[in-house]
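Notes follow the structure.
The values are calculated or read from the model by the stated rules, or taken from the named source; none is laboratory data. Treat the numbers as computed from the prediction; the structure is a model and nothing was measured. Cβ atoms come from the backbone with ideal geometry, glycine included; neighbour counts cover every protein chain shown.
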Amino acid sequence: MIVRAVELRLVGVPLVRPFRTSFGEVNRKECVLVRVETDVAEGWGECVADIEPDFSGEFNGGAWILIRDFLAPALFRAGDVAAAQLGDLFSFVRGNPMAKGALLDAVLDAELKSEGRSLASYLGSERDRVPCGVSVGITPSTEELLAQVDGYLAEGYQRIKLKIAPGVDVERVAAVRAAHPDILLSVDANAAYTLADLDIFKALEDFNLLMIEQPLHYEDMLQHAKLQAQLGTDLCLDESIRSPADAAAAIELGACRIVNIKQGRVGGVLEARRVHDVAREAGVPVWCGGMLETGVGRALNLALASLVGFTLPGDTSASARYFTDDLTEPFVMAPDGTMGVPSRPGIGVEPRLDRLAETTLAVERLQP
Ligand code: SMG
Ligand code: MG
(Lines give C-alpha, C1' and ligand atoms only; values in the text may rest on other atoms or scores of the structure.)
(Ligands and ions follow the chains in the order given, each with its own letter.)
Protein backbone atom coordinates (compact mmCIF):
# COMPACT_ATOMS: atom_id res chain seq x y z
CA MET A 1 0.00 0.00 0.00
CA ILE A 2 1.29 3.47 -0.88
CA VAL A 3 0.42 6.38 1.39
CA ARG A 4 -0.17 9.39 -0.84
CA ALA A 5 -1.11 11.99 1.76
CA VAL A 6 -1.55 12.43 5.49
CA GLU A 7 -4.04 14.98 6.76
CA LEU A 8 -3.73 16.31 10.32
CA ARG A 9 -6.83 17.91 11.81
CA LEU A 10 -7.18 19.48 15.24
CA VAL A 11 -10.77 19.21 16.47
CA GLY A 12 -12.45 20.64 19.56
CA VAL A 13 -15.67 19.15 20.95
CA PRO A 14 -17.41 20.37 24.15
CA LEU A 15 -17.91 17.78 26.91
CA VAL A 16 -21.38 17.33 28.38
CA ARG A 17 -19.92 18.03 31.82
CA PRO A 18 -16.46 19.07 33.05
CA PHE A 19 -14.11 16.17 33.77
CA ARG A 20 -11.84 16.72 36.78
CA THR A 21 -8.90 14.51 37.66
CA SER A 22 -6.06 14.89 40.15
CA PHE A 23 -4.12 16.82 37.51
CA GLY A 24 -6.75 19.25 36.26
CA GLU A 25 -10.14 19.86 34.75
CA VAL A 26 -11.23 19.86 31.12
CA ASN A 27 -14.54 20.94 29.64
CA ARG A 28 -13.77 20.20 26.02
CA LYS A 29 -12.02 17.46 24.14
CA GLU A 30 -9.33 18.65 21.79
CA CYS A 31 -7.38 16.13 19.77
CA VAL A 32 -5.54 15.52 16.51
CA LEU A 33 -7.32 13.30 14.00
CA VAL A 34 -5.17 11.69 11.34
CA ARG A 35 -6.52 10.75 7.90
CA VAL A 36 -4.35 8.86 5.45
CA GLU A 37 -5.02 8.65 1.74
CA THR A 38 -3.53 5.57 0.14
CA ASP A 39 -3.67 3.96 -3.28
CA VAL A 40 -6.28 1.49 -1.99
CA ALA A 41 -8.40 3.21 0.67
CA GLU A 42 -8.59 6.01 3.21
CA GLY A 43 -8.02 5.50 6.94
CA TRP A 44 -8.59 7.37 10.20
CA GLY A 45 -6.75 7.50 13.52
CA GLU A 46 -7.07 9.64 16.66
CA CYS A 47 -4.21 10.84 18.82
CA VAL A 48 -5.06 10.54 22.54
CA ALA A 49 -2.71 13.31 23.67
CA ASP A 50 -4.20 16.29 25.51
CA ILE A 51 -3.86 20.03 24.98
CA GLU A 52 -1.19 20.11 27.67
CA PRO A 53 1.49 17.51 28.52
CA ASP A 54 -0.37 16.57 31.72
CA PHE A 55 -1.51 12.95 31.51
CA SER A 56 1.70 12.13 29.64
CA GLY A 57 4.65 14.03 28.20
CA GLU A 58 2.92 14.12 24.81
CA PHE A 59 0.56 16.93 23.81
CA ASN A 60 -1.39 17.92 20.71
CA GLY A 61 1.05 20.51 19.35
CA GLY A 62 3.99 18.17 19.84
CA ALA A 63 2.22 15.23 18.23
CA TRP A 64 1.35 17.41 15.23
CA ILE A 65 4.97 18.46 14.68
CA LEU A 66 6.28 14.95 15.27
CA ILE A 67 3.97 13.47 12.64
CA ARG A 68 4.56 16.34 10.20
CA ASP A 69 8.34 16.51 10.48
CA PHE A 70 9.36 12.92 11.22
CA LEU A 71 6.73 10.17 10.97
CA ALA A 72 4.88 11.17 7.79
CA PRO A 73 8.13 11.84 5.86
CA ALA A 74 9.40 8.39 6.92
CA LEU A 75 6.13 6.86 5.75
CA PHE A 76 6.37 8.59 2.37
CA ARG A 77 10.02 7.57 1.93
CA ALA A 78 9.20 3.94 2.71
CA GLY A 79 7.00 3.62 -0.39
CA ASP A 80 5.07 0.36 -0.31
CA VAL A 81 4.16 -0.29 3.33
CA ALA A 82 1.97 -2.49 5.52
CA ALA A 83 0.69 -1.41 8.94
CA ALA A 84 2.51 -4.29 10.65
CA GLN A 85 5.89 -2.85 9.52
CA LEU A 86 5.33 0.62 10.88
CA GLY A 87 6.43 -0.14 14.44
CA ASP A 88 9.91 -0.84 13.06
CA LEU A 89 9.75 2.01 10.56
CA PHE A 90 8.98 4.52 13.35
CA SER A 91 11.49 3.09 15.82
CA PHE A 92 14.04 5.79 14.89
CA VAL A 93 11.82 8.15 16.93
CA ARG A 94 12.13 7.48 20.64
CA GLY A 95 8.98 7.53 22.75
CA ASN A 96 5.90 9.42 21.50
CA PRO A 97 3.61 6.37 21.36
CA MET A 98 0.48 8.55 21.15
CA ALA A 99 1.61 10.29 17.94
CA LYS A 100 2.91 7.05 16.44
CA GLY A 101 -0.27 5.18 17.37
CA ALA A 102 -2.55 7.70 15.66
CA LEU A 103 -0.73 7.38 12.33
CA LEU A 104 -0.30 3.63 12.63
CA ASP A 105 -3.99 3.09 13.40
CA ALA A 106 -4.96 5.24 10.41
CA VAL A 107 -2.78 3.15 8.07
CA LEU A 108 -4.21 -0.05 9.54
CA ASP A 109 -7.76 1.25 9.03
CA ALA A 110 -7.01 1.91 5.35
CA GLU A 111 -5.37 -1.49 4.93
CA LEU A 112 -8.26 -3.39 6.51
CA LYS A 113 -10.84 -1.39 4.57
CA SER A 114 -9.11 -2.37 1.36
CA GLU A 115 -9.31 -6.02 2.46
CA GLY A 116 -12.96 -5.71 3.56
CA ARG A 117 -12.00 -6.92 7.04
CA SER A 118 -13.02 -5.53 10.42
CA LEU A 119 -10.39 -4.49 12.95
CA ALA A 120 -11.94 -6.72 15.61
CA SER A 121 -11.69 -9.80 13.42
CA TYR A 122 -8.12 -8.91 12.40
CA LEU A 123 -7.08 -8.55 16.05
CA GLY A 124 -8.60 -11.94 16.88
CA SER A 125 -11.73 -10.81 18.68
CA GLU A 126 -13.79 -13.39 20.55
CA ARG A 127 -17.03 -11.45 21.03
CA ASP A 128 -19.21 -8.84 19.45
CA ARG A 129 -20.26 -6.97 22.60
CA VAL A 130 -18.16 -5.70 25.49
CA PRO A 131 -19.08 -4.76 29.09
CA CYS A 132 -18.89 -1.04 29.84
CA GLY A 133 -17.81 0.92 32.86
CA VAL A 134 -17.71 4.65 33.40
CA SER A 135 -15.09 6.96 34.87
CA VAL A 136 -16.59 9.63 37.12
CA GLY A 137 -14.60 12.85 37.52
CA ILE A 138 -14.00 14.60 40.84
CA THR A 139 -17.14 16.58 41.67
CA PRO A 140 -17.56 19.78 43.70
CA SER A 141 -19.48 17.85 46.40
CA THR A 142 -20.23 14.34 47.60
CA GLU A 143 -23.95 14.89 46.85
CA GLU A 144 -23.11 15.71 43.25
CA LEU A 145 -20.93 12.61 43.04
CA LEU A 146 -23.71 10.37 44.40
CA ALA A 147 -26.16 11.87 41.92
CA GLN A 148 -23.82 11.23 38.98
CA VAL A 149 -23.14 7.67 40.12
CA ASP A 150 -26.90 7.01 40.47
CA GLY A 151 -27.44 8.32 36.95
CA TYR A 152 -24.75 6.13 35.41
CA LEU A 153 -25.94 3.03 37.28
CA ALA A 154 -29.48 3.68 36.08
CA GLU A 155 -28.13 3.73 32.51
CA GLY A 156 -26.66 0.27 33.08
CA TYR A 157 -22.92 0.85 33.54
CA GLN A 158 -21.38 -2.31 35.00
CA ARG A 159 -18.50 -0.69 36.85
CA ILE A 160 -18.02 2.72 38.42
CA LYS A 161 -14.55 4.27 38.62
CA LEU A 162 -14.08 7.29 40.84
CA LYS A 163 -11.33 9.77 40.22
CA ILE A 164 -9.59 10.58 43.49
CA ALA A 165 -6.97 13.07 44.70
CA PRO A 166 -5.59 13.98 48.12
CA GLY A 167 -8.49 15.47 50.11
CA VAL A 168 -11.20 13.94 47.92
CA ASP A 169 -10.66 10.24 48.46
CA VAL A 170 -11.67 8.10 51.46
CA GLU A 171 -14.86 9.98 52.37
CA ARG A 172 -16.05 10.06 48.77
CA VAL A 173 -15.41 6.35 48.31
CA ALA A 174 -17.10 5.58 51.64
CA ALA A 175 -20.21 7.51 50.59
CA VAL A 176 -20.50 5.76 47.23
CA ARG A 177 -19.86 2.34 48.77
CA ALA A 178 -22.48 2.96 51.50
CA ALA A 179 -25.05 3.87 48.84
CA HIS A 180 -24.13 0.90 46.61
CA PRO A 181 -22.77 -2.02 48.65
CA ASP A 182 -22.54 -4.48 45.74
CA ILE A 183 -21.38 -2.63 42.63
CA LEU A 184 -17.99 -3.07 40.97
CA LEU A 185 -16.18 0.02 42.24
CA SER A 186 -12.64 1.23 41.56
CA VAL A 187 -10.62 4.41 42.01
CA ASP A 188 -8.05 6.19 39.83
CA ALA A 189 -5.54 8.61 41.37
CA ASN A 190 -3.62 9.57 38.21
CA ALA A 191 -0.32 9.46 40.08
CA ALA A 192 -1.33 11.93 42.81
CA TYR A 193 0.04 10.12 45.88
CA THR A 194 3.32 8.91 47.37
CA LEU A 195 4.23 6.03 49.65
CA ALA A 196 3.90 8.49 52.55
CA ASP A 197 0.12 8.21 51.93
CA LEU A 198 0.03 4.55 52.94
CA ASP A 199 -2.64 5.27 55.58
CA ILE A 200 -5.02 6.46 52.87
CA PHE A 201 -4.56 3.27 50.84
CA LYS A 202 -5.00 1.20 54.01
CA ALA A 203 -8.25 3.07 54.69
CA LEU A 204 -9.44 2.35 51.13
CA GLU A 205 -9.03 -1.37 51.82
CA ASP A 206 -12.34 -1.27 53.75
CA PHE A 207 -14.41 -0.65 50.62
CA ASN A 208 -13.90 -3.82 48.61
CA LEU A 209 -12.47 -1.94 45.65
CA LEU A 210 -11.94 -3.80 42.42
CA MET A 211 -8.63 -1.94 42.08
CA ILE A 212 -6.70 1.21 42.82
CA GLU A 213 -5.45 2.66 39.52
CA GLN A 214 -2.11 4.47 39.18
CA PRO A 215 -1.78 5.67 42.77
CA LEU A 216 1.89 6.75 42.57
CA HIS A 217 4.29 8.53 40.22
CA TYR A 218 3.93 7.55 36.57
CA GLU A 219 7.59 6.51 36.26
CA ASP A 220 7.93 4.68 39.54
CA MET A 221 7.38 0.93 39.22
CA LEU A 222 9.48 0.17 42.29
CA GLN A 223 7.33 2.30 44.59
CA HIS A 224 4.21 0.66 43.17
CA ALA A 225 5.71 -2.75 43.89
CA LYS A 226 6.39 -1.68 47.48
CA LEU A 227 2.82 -0.42 47.85
CA GLN A 228 1.26 -3.50 46.26
CA ALA A 229 3.19 -5.72 48.70
CA GLN A 230 1.45 -3.95 51.59
CA LEU A 231 -2.10 -4.01 50.21
CA GLY A 232 -4.75 -6.67 49.73
CA THR A 233 -6.48 -4.52 47.11
CA ASP A 234 -5.15 -4.98 43.57
CA LEU A 235 -3.22 -2.12 42.03
CA CYS A 236 -3.69 -1.35 38.34
CA LEU A 237 -1.21 0.63 36.26
CA ASP A 238 -2.19 3.06 33.51
CA GLU A 239 0.28 5.93 32.91
CA SER A 240 3.25 3.69 33.86
CA ILE A 241 2.56 1.23 31.02
CA ARG A 242 3.75 2.65 27.71
CA SER A 243 4.83 -0.56 26.00
CA PRO A 244 4.74 -4.37 26.21
CA ALA A 245 8.14 -4.17 27.97
CA ASP A 246 6.68 -1.89 30.65
CA ALA A 247 3.86 -4.38 31.19
CA ALA A 248 6.29 -7.28 31.50
CA ALA A 249 8.41 -5.33 34.00
CA ALA A 250 5.44 -4.20 36.08
CA ILE A 251 4.05 -7.71 36.29
CA GLU A 252 7.37 -9.33 37.16
CA LEU A 253 8.14 -6.66 39.78
CA GLY A 254 4.70 -7.09 41.35
CA ALA A 255 3.97 -3.40 40.72
CA CYS A 256 0.36 -4.22 39.80
CA ARG A 257 -2.02 -7.15 39.47
CA ILE A 258 -4.21 -5.60 36.76
CA VAL A 259 -3.28 -3.60 33.64
CA ASN A 260 -5.25 -0.77 32.02
CA ILE A 261 -4.55 -0.93 28.27
CA LYS A 262 -5.15 2.18 26.22
CA GLN A 263 -4.27 1.54 22.63
CA GLY A 264 -3.56 5.22 22.09
CA ARG A 265 -1.13 5.36 25.04
CA VAL A 266 1.00 2.39 23.95
CA GLY A 267 1.43 3.21 20.25
CA GLY A 268 -1.76 1.94 18.60
CA VAL A 269 -3.84 -1.21 18.52
CA LEU A 270 -1.08 -3.54 17.35
CA GLU A 271 1.16 -2.65 20.30
CA ALA A 272 -1.89 -2.81 22.58
CA ARG A 273 -2.51 -6.37 21.47
CA ARG A 274 1.10 -7.17 22.45
CA VAL A 275 0.52 -5.69 25.90
CA HIS A 276 -2.61 -7.84 26.15
CA ASP A 277 -0.59 -10.93 25.16
CA VAL A 278 2.10 -10.23 27.78
CA ALA A 279 -0.50 -9.86 30.53
CA ARG A 280 -2.50 -12.87 29.41
CA GLU A 281 0.60 -15.06 29.40
CA ALA A 282 1.19 -14.00 33.01
CA GLY A 283 -2.46 -14.56 33.97
CA VAL A 284 -2.99 -10.84 34.67
CA PRO A 285 -6.43 -9.43 33.84
CA VAL A 286 -6.60 -6.34 31.60
CA TRP A 287 -9.27 -3.84 30.70
CA CYS A 288 -9.60 -1.12 28.10
CA GLY A 289 -8.96 2.41 29.31
CA GLY A 290 -10.22 5.59 27.70
CA MET A 291 -8.98 9.09 26.91
CA LEU A 292 -12.37 10.74 26.32
CA GLU A 293 -12.01 9.74 22.68
CA THR A 294 -14.32 10.81 19.88
CA GLY A 295 -16.04 8.05 17.93
CA VAL A 296 -12.86 7.38 15.92
CA GLY A 297 -10.79 6.44 18.97
CA ARG A 298 -13.79 4.74 20.58
CA ALA A 299 -14.13 2.37 17.61
CA LEU A 300 -10.46 1.37 18.04
CA ASN A 301 -10.94 0.88 21.79
CA LEU A 302 -14.00 -1.32 21.35
CA ALA A 303 -12.23 -3.60 18.87
CA LEU A 304 -9.36 -3.99 21.32
CA ALA A 305 -11.70 -4.57 24.27
CA SER A 306 -13.24 -7.53 22.44
CA LEU A 307 -10.04 -9.61 22.86
CA VAL A 308 -10.26 -12.53 25.25
CA GLY A 309 -7.94 -11.17 27.97
CA PHE A 310 -10.13 -8.10 28.55
CA THR A 311 -12.02 -9.69 31.42
CA LEU A 312 -13.03 -6.50 33.28
CA PRO A 313 -15.44 -3.75 32.12
CA GLY A 314 -13.53 -0.92 30.44
CA ASP A 315 -13.81 2.87 30.30
CA THR A 316 -15.60 2.25 27.02
CA SER A 317 -18.59 4.46 27.72
CA ALA A 318 -21.32 5.61 25.33
CA SER A 319 -20.83 8.72 23.19
CA ALA A 320 -23.54 10.46 25.25
CA ARG A 321 -21.39 10.22 28.38
CA TYR A 322 -18.97 12.63 26.72
CA PHE A 323 -20.61 14.61 23.93
CA THR A 324 -24.05 15.86 22.91
CA ASP A 325 -23.01 15.16 19.34
CA ASP A 326 -20.07 12.83 18.61
CA LEU A 327 -18.01 13.15 15.43
CA THR A 328 -19.18 9.74 14.21
CA GLU A 329 -22.58 8.12 14.52
CA PRO A 330 -23.01 7.84 18.29
CA PHE A 331 -21.91 4.75 20.21
CA VAL A 332 -24.88 3.65 22.27
CA MET A 333 -24.79 1.36 25.30
CA ALA A 334 -27.58 -1.19 25.75
CA PRO A 335 -29.50 -1.18 29.06
CA ASP A 336 -27.53 -4.31 30.08
CA GLY A 337 -24.35 -2.22 30.11
CA THR A 338 -22.77 -3.66 26.98
CA MET A 339 -21.79 -2.02 23.72
CA GLY A 340 -21.51 -3.50 20.26
CA VAL A 341 -18.07 -3.87 18.67
CA PRO A 342 -17.93 -2.26 15.21
CA SER A 343 -18.11 -4.94 12.54
CA ARG A 344 -17.73 -2.98 9.33
CA PRO A 345 -14.36 -3.04 7.52
CA GLY A 346 -11.43 -1.27 9.19
CA ILE A 347 -12.27 0.60 12.38
CA GLY A 348 -15.86 0.51 11.16
CA VAL A 349 -16.71 4.21 11.53
CA GLU A 350 -16.02 7.51 9.79
CA PRO A 351 -16.32 11.03 11.12
CA ARG A 352 -19.34 12.88 9.71
CA LEU A 353 -18.41 15.69 7.37
CA ASP A 354 -20.85 18.12 8.98
CA ARG A 355 -19.38 17.50 12.43
CA LEU A 356 -15.83 17.86 11.11
CA ALA A 357 -16.75 21.20 9.60
CA GLU A 358 -18.21 22.37 12.93
CA THR A 359 -15.35 21.20 15.15
CA THR A 360 -12.17 21.70 13.10
CA LEU A 361 -9.67 24.19 14.53
CA ALA A 362 -6.78 23.56 12.13
CA VAL A 363 -5.94 21.32 9.17
CA GLU A 364 -2.68 20.54 7.42
CA ARG A 365 -2.23 18.24 4.47
CA LEU A 366 1.12 16.51 4.11
CA GLN A 367 2.38 15.02 0.88
CA PRO A 368 5.67 13.52 -0.30
O1 SMG B 1 -12.53 7.92 28.19
O2 SMG B 1 -14.02 7.58 29.71
C3 SMG B 1 -12.93 7.98 29.34
C4 SMG B 1 -12.02 8.60 30.37
C5 SMG B 1 -11.50 7.56 31.28
O6 SMG B 1 -10.67 8.20 33.39
C7 SMG B 1 -10.46 8.09 32.22
N8 SMG B 1 -9.28 8.42 31.67
O9 SMG B 1 -6.44 8.05 33.76
O10 SMG B 1 -7.80 6.61 33.01
C11 SMG B 1 -7.44 7.77 33.09
C12 SMG B 1 -8.19 8.90 32.44
C13 SMG B 1 -7.29 9.71 31.57
C14 SMG B 1 -7.94 10.82 30.84
S15 SMG B 1 -7.98 12.25 31.75
C16 SMG B 1 -8.38 13.52 30.62
MG1 MG C 1 -6.21 6.08 34.57
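Restricting attention to the range 334-351, which residues are out of contact with any Ser or Thr (no Cβ under 7 Å at 6 or more places or on another chain) and part of a loop (DSSP other than H, G, I, E, B)?
Those that are out of contact with any Ser or Thr (no Cβ under 7 Å at 6 or more places or on another chain) and part of a loop (DSSP other than H, G, I, E, B): Ala334, Pro335, Asp336, Gly337, Ile347.
Do we find a residue being part of a helix (DSSP H, G or I) and not assigned by TED's automatic domain parsing to the domain that holds Trp44 anywhere in the range 306-316?
Among the residues of the range 306-316, not one is part of a helix (DSSP H, G or I) and not assigned by TED's automatic domain parsing to the domain that holds Trp44, which makes the answer no.
Could you pull out the residue among Glu143, Glu126 that is acidic (Asp, Glu), in a helix (DSSP H, G or I) and surrounded by fewer than 17 Cβ atoms within 10 Å (Cβ to Cβ)?
Going through Glu143, Glu126 in turn, the sole match is Glu143.
Report whether or not Ala318 is among the small types (Gly, Ala, Ser) and under 17 Å from Met211 (Cα atoms). Write out each step before concluding.
Numbers: among the small types (Gly, Ala, Ser): yes; under 17 Å from Met211 (Cα atoms): no.
When the stated conditions are applied, Ala318 does not pass them.
For the range 199-242, how many residues are touching a Pro at 6+ places or on another chain (Cβ under 8 Å), without any contact (Cβ under 8 Å) to a residue 40 or more places away in the chain and within 16 Å of ligand 1 (Cβ to nearest atom)?
2
Restricting to the range 35-68, and then to whatever is in contact with a strand residue (DSSP E or B) (Cβ under 8 Å, 6 or more places away or on another chain) and of a type in the set (Val, Ile, Thr), can you tell me which residue is nearest to Gly267 (Cα to Cα)?
In this case the residue turns out to be Val48.
Kindly list, by first and then second residue, each pair from a residue in the range 302-324 that is within 21 Å of Glu358 (Cβ to Cβ) and within 15 Å of ligand 2 (Cβ to nearest atom) to a residue that is in a loop (DSSP other than H, G, I, E, B) and not polar (S, T, N, Q), limited to pairs with Cβ atoms under 9 Å and residues at least 6 apart or on different chains.
From the range 302-324, no pairs qualify.
When you check Ser317 against the structure, is it within 15 Å of ligand 1 (Cβ to nearest atom), surrounded by 21 or more Cβ atoms within 10 Å (Cβ to Cβ) and among the hydroxyl-bearing types (Ser, Thr, Tyr), yes or no?
Criteria met by Ser317.
Among the residues of the range 33-65, how many are away from ligand 1 (no atom under 14 Å from the Cβ) and either over 24 Å from the mean Cα position of the chain (by Cα) or buried (at least 23 other Cβ atoms within 10 Å of the Cβ) (or both)?
Of the residues in that region, 12 qualify.
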